[in-house]
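The values are calculated or read from the model by the stated rules, or taken from the named source; none is laboratory data. Just so it is clear, the structure is predicted and the values come from calculations on it, not from any experiment. Using ideal geometry, Cβ is built from the backbone for each residue, glycine included, and neighbour counts are taken over all protein chains shown.
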Amino acid sequence: MQEDLLRPREVAAIFGVRTPTIARWAREGRLTPLRTPGGHRRYSRAAVRDVLTADRAAAGRARRTAGPTGLESQVT
């Protein structure tokens, strides 16, 4: 089971953000940490995958609905 848990710095690397961002996301409820007996935060690989998938889907929807950017309108 330990291999299914990620440290905050590993989660930060996956998302391309800094470790304090992961702590903020936990406070906001975006990611729910598990606690080790020593009180350290760990994140389940499945939960991280779910958030990553949702973020990518939202980004795809935003690109489709945003319309052309300035650069795209200069090309067409």
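Selection over region 1-12 of residues that are surrounded by 13 or more Cβ atoms within 10 Å (Cβ to Cβ), in a helix (DSSP H, G or I) and not β-branched (Val, Ile, Thr) gives a count of 3. Mind checking whether some residue in region 49-60 is modelled with pLDDT of 95 or more, surrounded by 12 or more Cβ atoms within 10 Å (Cβ to Cβ) and not small (Gly, Ala, Ser)? Within region 49-60 (the criterion being modelled with pLDDT of 95 or more, surrounded by 12 or more Cβ atoms within 10 Å (Cβ to Cβ) and not small (Gly, Ala, Ser)), the answer is no, since none of the residues qualifies.
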